[in-house]
Amino acid sequence: MALSARQLKVGDTHSEQVVDNLTRTQIVQYAGASGDYNPIHTDEVYTTQVAGYPSVFAHGMLTMGLTGTMLTNYVGDGCLTKFGVRFTKQVWPGDTLTANATVEAIREEGGQRFVDLQLSTVNQNGEEVLSGYASARIDP
Amino acid sequence: MAIEKFPVEAGHIMLFARAVGDGNPIYYDEAYARTKEPGSIIAPPTFVQASAQFDPDYRLRPKIGQPWFGSGKEPTGVPPSSGGGGTGLHAEQHYEYHRHPKPGDVLTATSRPGQTWERQGRRSGKLIFTETITEYRDQHGELVVTARGVGVRTERPVEQS
């Protein structure tokens, strides 16, 4: 069910913990589903000895996907019209992420109401790993 | 990149939703989905990224019979030549949904380059950003999703604070 404009106001927030103690296996699971098998996400030996990072790390798109879970739980199924993000910090195995949405505007366009959201996903240290925006169709 | 055929399949959607920790039955239960507004299973918002599975030239998938740059007996299967210590990373991703893909759709994807720009990074040297715009169309030629991705190539690995 879509959100309703009547129940929303600018400044409203919605937050969800989208992963607790991210595992290397979940990163591999995402590699398999998405088709991005880059060894910097799936191969600790390559990543530490060749790429020069302390460990494998999550695909940016896994962080976006996790954030999308919070987003669709909030706005409802099939209502999203826009979703865009910047990846601001790497996400590592063991991280716990919380995705946050804040209502920035409620507007009407061609007889259809929309909500505009600001997005921020943070790790267990409160550091932002993703910032972004989304828009969704809402009911009157 | 051009993908001639990206068949959207229910099993693939289920696996993708699991990988992003999303247990919503709209992504796997057709009977449930029929009772909801979309009327059928739909794909999660970032699913079109999995079109890489159907890109014959996708660089980040091991190809049958070809050396792979991940580890085997050695830490990398391909001698470092083009590298220089940098890493290709994903900087931004933007989607515009004209509708949400569903099982049975057969999408095509066509990409065109967008802008390119450079910036000096504090933790990874010179950064080169390149933008790619991809249009996903269905079997009727209708636009389904417009995607804009920004990749960044770093001069050296990102320093960890």
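Each reported figure results from applying straightforward, stated rules to the coordinates on display, with no laboratory input. The structure displayed is predicted, hence computed values, not measured ones. Cβ atoms come from the backbone with ideal geometry, glycine included; neighbour counts cover every protein chain shown.
General observations
- Shielding value for B:33-45 is 3, the average number of Cβ atoms from other chains within 10 Å of each residue's Cβ.
- Among B:88, B:20, B:53 - extreme Cα towards positive end, dipole of the range B:2-154, charges at beta-carbon: B:88
- For peptide A:56-64, the mean count of partner chain Cβ atoms within 10 Å of a residue's Cβ comes to 4.
- Calculated SAXS-style log₁₀ I(q)/I(0) at q = 0.15 Å⁻¹ - the range B:2-154, Debye, Cα scatterers: -0.95
- The calculated FRET efficiency for residue B:74 paired with residue B:120, based on their beta-carbon distance and R0 = 22 Å, is about 0.05.
- Charge dipole magnitude, Cβ of K and R +1, D and E -1 - the range B:10-131, Cα centre, debye nearest 20: 360 debye
- Karplus-derived 3J(HN,Hα), 6.51/-1.76/1.60, for each residue of the range B:4-9, Hz, glycine and proline x: 7, 8, 10, x, 8, 10
- Amide H contacts of residue B:107: B:6, B:8, each under 5 Å away and 5 or more positions distant or on a separate chain (H built 1.01 Å from N in the peptide plane; Pro and chain starts excluded).
- Entries in A:89/B:73; A:82/B:102; B:5/B:63; A:89/B:36; A:9/B:36 that, when Cα-Cα distance is taken, lie over 28 Å: A:89/B:73; A:89/B:36
- With distances taken between every two different alpha-carbon atoms, the protein assembly as shown has a Kirkwood hydrodynamic radius of 20.0 Å.
- Mean Cβ count within 10 Å, highest first, over the residues of peptides A:22-33, A:72-83: A:72-83, A:22-33
- Sorting A:67, B:76, A:102 from the fewest to the most surrounding beta carbons within 10 angstrom yields A:102, B:76, A:67.
- Whole-Hz couplings from phi, Karplus 6.51/-1.76/1.60, listed for the range A:59-64; x for Gly and Pro: 4, x, 5, 5, 4, 5
- The Cα-based radius of gyration of chain A, divided by its Kirkwood radius, gives an Rg/Rh of 1.06.
- For the range B:113-118, backbone phi angles converted through the Karplus equation (6.51, -1.76, 1.60; θ = phi - 60°) give residue-by-residue couplings of x, x, 7, 10, 8, 10 Hz, Gly and Pro being listed as x.
- Placed amide H near residue B:144: partners under 5 Å, 5+ positions off or other chain: B:136, B:137, B:138
- Compared with the dominant Cα axis of chain B, that is its longest principal axis, helix B:10-19 is turned about 50°.
- For the range A:71-102, there are no residues whose amide N sits under 13 Å from a probe point set 7 Å from the Cα of residue B:54 along the beta carbon direction.
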